[in-house]
């Protein structure tokens, strides 16, 4: 397992096609594969090519439940249907940590981002997202980017 030192970047707002769900913590990882397959099939049927790797973004509610969206970046905003909806990833200043290892060890990347934010006197500016550079069925050593929008205090 390895988590690289975080680095800051400026990114542009990115349209996405996503599937959304409300899940318990233990349901999140298993849901990803289904979500990516469903969104990929929607894009294929509509002749839309993803313009990046699959991602997931979630908000943890005060009751511990996860509000999750997972899908793909796309070049233009989609129309959507009952399942697949248009969304976007925010633009602006972000800090990024690469993690190579199992999904269960991904917390190391989040801790590295938190440490970076403290050292730079920054604060999160919205929910982070994870970009999966390996297929979600390779459970051994995923290469994952964890991206956290931030602002300086």
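Brief remarks on what is shown
- Total residues in segment 1-22, condition surrounded by fewer than 18 Cβ atoms within 10 Å (Cβ to Cβ), modelled with pLDDT of 95 or more and in contact with a helix residue (DSSP H, G or I) (Cβ under 7 Å, 6 or more places away or on another chain): 1
- Yes/no for residue 50 being touching a helix residue (DSSP H, G or I) at 6+ places or on another chain (Cβ under 8 Å) and surrounded by fewer than 17 Cβ atoms within 10 Å (Cβ to Cβ): no
- Within segment 81-107, restricting attention to residues that are within 19 Å of residue 37 (Cβ to Cβ) and in contact with a helix residue (DSSP H, G or I) (Cβ under 8 Å, 6 or more places away or on another chain), the residue that is modelled with the lowest pLDDT is 103.
- Here residue 47 passes the criteria (1) in contact with a strand residue (DSSP E or B) (Cβ under 7 Å, 6 or more places away or on another chain); (2) on the phi > 0 side of the Ramachandran plot; (3) at pLDDT 95 or above except the one numbered (1).
- Near pairs, Cβ below 9 angstrom, 6+ apart or cross-chain, from segment 86-113 (farther than 17 Å from residue 132 by Cα) to any residue that is at pLDDT below 95 and crowded, with 19+ Cβ neighbours inside 10 Å: 111/3; 112/3; 112/99
- Odd one out for residue 78, checked against (1) touching a helix residue (DSSP H, G or I) at 6+ places or on another chain (Cβ under 9 Å); (2) under 18 Å from residue 127 (Cβ atoms): (2)
- Between 21, 17, the distinction of being in contact (Cβ under 8 Å) with a residue 24 or more places away in the chain and either closer than 25 Å to residue 105 by Cβ or over 16 Å from the mean Cα position of the chain (by Cα) (or both) belongs to 21 only.
- Residues within segment 59-74 that are touching a residue at least 40 places away in the same chain (Cβ under 8 Å) and either surrounded by 12 or more Cβ atoms within 10 Å (Cβ to Cβ) or in contact with a strand residue (DSSP E or B) (Cβ under 6 Å, 6 or more places away or on another chain) (or both), tallied: 11
- Residues (touching a helix residue (DSSP H, G or I) at 6+ places or on another chain (Cβ under 9 Å), at pLDDT below 95 and assigned to a loop (DSSP other than H, G, I, E, B)) located in segment 53-64: 64
- The set of residues from segment 25-47 being surrounded by fewer than 11 Cβ atoms within 10 Å (Cβ to Cβ) and not in a helix (DSSP H, G or I) comprises just one member, 47.
The values are calculated or read from the model by the stated rules, or taken from the named source; none is laboratory data. Please read all numbers here as calculations on a predicted model, not as lab measurements. All Cβ positions, even for glycine, are placed from backbone atoms using ideal geometry, and neighbour counts span all protein chains on display.
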